[in-house]
Amino acid sequence: MEPEEKKPVHRGLKKGLYLIPTAFTAANIAMGFLAVLSSVRGFQLLSLNPEQAAIYFEYAAKGIALAIVFDMLDGRVARMTRTATEIGVQLDSLADVLTFGIAPIVLIYSWAIGATFNEANGLHNFGVFVLFMYLMCGSFRLARFNLQAIRPRVLIEGTPKIDKKNFVGLPIPPAAGLLASIVYLHPRPLSVFTEDLANIYTISIIVLMGFLGLLMVSTLRYTSFKSTASGRQSGYLILVIAALGMLVWLYSRYMLFAIASAYVLHGIFWYFLSFFRTKKQKEIVVRNEA
């Protein structure tokens with residue numbers, strides 16, 4: 001009787017670990033899918049019942065916010081369990097195009113542009129153009145991120161080297177998060193305001209989307225939060241996370257908007273800070289040489 005072949009210990013468990021990051025990515029896709037459906041349903045109810053439409057727009061905003069959480073978890077879980085795969089990276093990028101590219105576009109169109117301007121209005125067509133460019137900038141940002149992951153040193157001669165602690169350009173999830181937080185802050189469609197106010201607010205949203213698109217394709221540095229704190233810093237970090245978590249629980253509409261705005265703006269702040277710091281250093285060098 002031949003001895004039974006012994007299987008490696010925990011072989012089945014190891015295979016199962018590969019499913020965990022994929023499950024978070026699937027949840028990300030599901031949230032984007034539901035956000036699109038909720039936005040479309042809200043748009044259908046605009047003229048019939050704006051208050052009911054606001055409920056669906058709020059669902060869509062919450063879906064995008066939850067998708068950001070799932071998107072943060074899938075990569076971290078993959079790195080912690082050492083189950084990152086090439087197909088997982090590609091699937092994650094495709095999920096981001098849907099959830100943070102298409103879903104916010106459908107939401108903003110249904111909540112603001114389509115609700116305020118009719119198709120005969122030139123501002124309607126301009127808004128649609130800006131939405132398209134936002135999607136293109138987000139897709140380009142994801143493609144550049146994938147290339148940087150494959151070739152993490154230098155993509156083109158003269159471009160800055162990639163730093164794991166920072167992203168180059170605004171990541172698309174925070175851009176979508178800011179748009180979703182604005183809708184979550186005021187889920188009622190902009191058409192409920194007077195015509196003049198609705199036009200001003202909608203144009204402001206269009207300008208914001210164009211600005212976010214430019215930030216995504218820019219070379220500004222944004223913190224990745226991938227570096228781990230140690231010692232006393234880790235204790236402070238836990239306190240900060242706990243405080244933010246409680247504030248989000250108590251004042252979710254305002255805190256989510258504040259957090260998303262702070263992240264989008266901090267890249268611009270660091271750029272100007274480093275610019276003036278470099279300029280000051282050059283002035284000191286010139287004075288010393290003189």
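Among Asp92, Asp196, Asp71, sorting on how many other beta-carbon atoms sit within 10 Å of each Cβ, with the fewest leading, yields Asp196, Asp92, Asp71. In terms of surrounding Cβ atoms within a 10 Å radius of their Cβ, Met216, Met255 rank from fewest to most as Met255, Met216. Summing charges over neighbours of Thr25, with a neighbour being any other residue whose Cβ is under 13 Å away from its Cβ, gives -3 when K and R count +1 and D and E count -1.
Note on segment 234-274: Rg/Rh from C-alpha atoms, Kirkwood Rh, equals 1.10. Going from the residue with the fewest nearby Cβ atoms within 10 Å to the one with the most, Ile64, Ile29 rank Ile29, Ile64.
The Stokes-Einstein estimate for segment 19-84, based on a Kirkwood radius over Cα pairs and taken at 25 °C with 0.890 mPa s viscosity, is a diffusion coefficient of 193 µm²/s.
Quick note: the coordinates plus some simple rules give every number you see, no bench work behind them. The structure presented is a predicted model; accordingly, all values stated were derived computationally and were not measured. As a convention, Cβ positions derive from the backbone with ideal geometry for all residues, glycine included, and neighbour counts pool all protein chains shown.
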